[in-house]
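K.L.:
Could you have a look at this structure, given as structure tokens, before my questions?
The values are calculated or read from the model by the stated rules, or taken from the named source; none is laboratory data. Just so you know, these numbers come straight off a predicted model, no measurement behind them. Positions of Cβ are backbone-derived with ideal geometry, glycine not excepted, and every protein chain shown enters the neighbour counts.
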Amino acid sequence: MAQFVKKLKLLGLTSYLLLVAYYPILFVILEPNPDAAPYIPMTLFWVPMLFAVRGLIQGNPYTYAWSNFVLMWCYIHGLTSLWTYTGNIGFIIIEVVLLTGAFIGNTYFARFRGRELGLALPKIKEIKEQEKAFFEKRLNDTDV
């Protein structure tokens, strides 16, 4: 694995695991919502993050890629909170910074590591050429 790819993995994994540790602290201890029980944000934001932890630790590029869908769900919370929250905004800034680090690290690690392993998707041009050759051959076989 290239050194740059290792740094991306470290950025993504570290930020993600820090988020997994930070969310319970944020939702239960630092800024509990007086209008809702703490298990609601924990269920919506923290529990889905747990599904990716094993694959991230193992270094699976596919897990790094799909974990970004979970991060986008958390981004909605973070960016909405930046706009509407009236309490200590520093807690939300920490959340958005960790989300950004995890998103950048996970995205580019999945991309570059997938290329190293040969897991890249084929280009649409190549697929069209293969389909054209297949159907032309099939058409020629039926004409004979």
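K.L.:
Does residue 21 meet the test of being without any contact (Cβ under 8 Å) to a residue 24 or more places away in the chain, outside any helix (DSSP H, G or I) and not acidic (Asp, Glu)?
P.N.:
Considered against the rule, which asks whether it is without any contact (Cβ under 8 Å) to a residue 24 or more places away in the chain, outside any helix (DSSP H, G or I) and not acidic (Asp, Glu), residue 21 comes out as no.
K.L.:
Filtering the stretch 18-45 down to residues that are among the hydroxyl-bearing types (Ser, Thr, Tyr) and surrounded by 14 or more Cβ atoms within 10 Å (Cβ to Cβ), which residue is nearest to residue 70 (Cα to Cα)?
P.N.:
Applying the filter and picking the extreme gives 23.
K.L.:
Moving to a separate point now. Looking at the stretch 62-77, which of the residues that are loosely packed, with under 14 Cβ neighbours inside 10 Å and aromatic (Phe, Trp, Tyr) is modelled with the highest pLDDT?
P.N.:
In this case the residue turns out to be 69.
K.L.:
Next question. Is it the case, given these coordinates, that residue 51 is out of contact with any Pro (no Cβ under 7 Å at 6 or more places or on another chain), aromatic (Phe, Trp, Tyr) and under 17 Å from residue 69 (Cα atoms)?
P.N.:
Details: out of contact with any Pro (no Cβ under 7 Å at 6 or more places or on another chain): yes; aromatic (Phe, Trp, Tyr): yes; under 17 Å from residue 69 (Cα atoms): yes.
The answer is yes for residue 51.
K.L.:
Would you point out which residue out of 75, 64 is in contact (Cβ under 8 Å) with a residue 40 or more places away in the chain and in contact with a Ser or Thr (Cβ under 9 Å, 6 or more places away or on another chain)?
P.N.:
Working: 75 fails: in contact (Cβ under 8 Å) with a residue 40 or more places away in the chain.
Result of the check over 75, 64: 64.
K.L.:
If you take the residues in the stretch 1-17 that are touching a residue at least 40 places away in the same chain (Cβ under 8 Å) and within 14 Å of residue 67 (Cβ to Cβ), which one is surrounded by the fewest Cβ atoms within 10 Å (Cβ to Cβ)?
P.N.:
My answer is 14.
K.L.:
Pairs, please: C-beta under 9 Å, at least 6 apart or cross-chain, first residue in contact (Cβ under 8 Å) with a residue 24 or more places away in the chain and assigned to a helix (DSSP H, G or I) and in the stretch 26-55, second surrounded by 14 or more Cβ atoms within 10 Å (Cβ to Cβ) and among the acidic types (Asp, Glu)?
P.N.:
So the pair list comes out as 26/95.
K.L.:
Go through the residues of the stretch 2-10 one by one and say whether even a single one is more than 19 Å from the chain's Cα centre (by Cα), closer than 21 Å to residue 111 by Cβ and either modelled with pLDDT of 85 or more or assigned to a loop (DSSP other than H, G, I, E, B) (or both).
P.N.:
Scanning the stretch 2-10 turns up at least one residue that is more than 19 Å from the chain's Cα centre (by Cα), closer than 21 Å to residue 111 by Cβ and either modelled with pLDDT of 85 or more or assigned to a loop (DSSP other than H, G, I, E, B) (or both).
K.L.:
So the check is Cβ under 6 Å with 6+ separation or different chains; which pairs have a first residue in the stretch 86-98 that's farther than 25 Å from residue 68 by Cβ and a second one that's at pLDDT below 90?
P.N.:
Pairs found: 87/31.
K.L.:
Right, next: Looking at 94, 89, 104, which one is closer than 24 Å to residue 4 by Cα and in contact with a Leu (Cβ under 9 Å, 6 or more places away or on another chain)?
P.N.:
Result of the check over 94, 89, 104: 104.
K.L.:
Does residue 18 satisfy the criteria of being in contact with a helix residue (DSSP H, G or I) (Cβ under 7 Å, 6 or more places away or on another chain) and modelled with pLDDT of 95 or more?
P.N.:
yes
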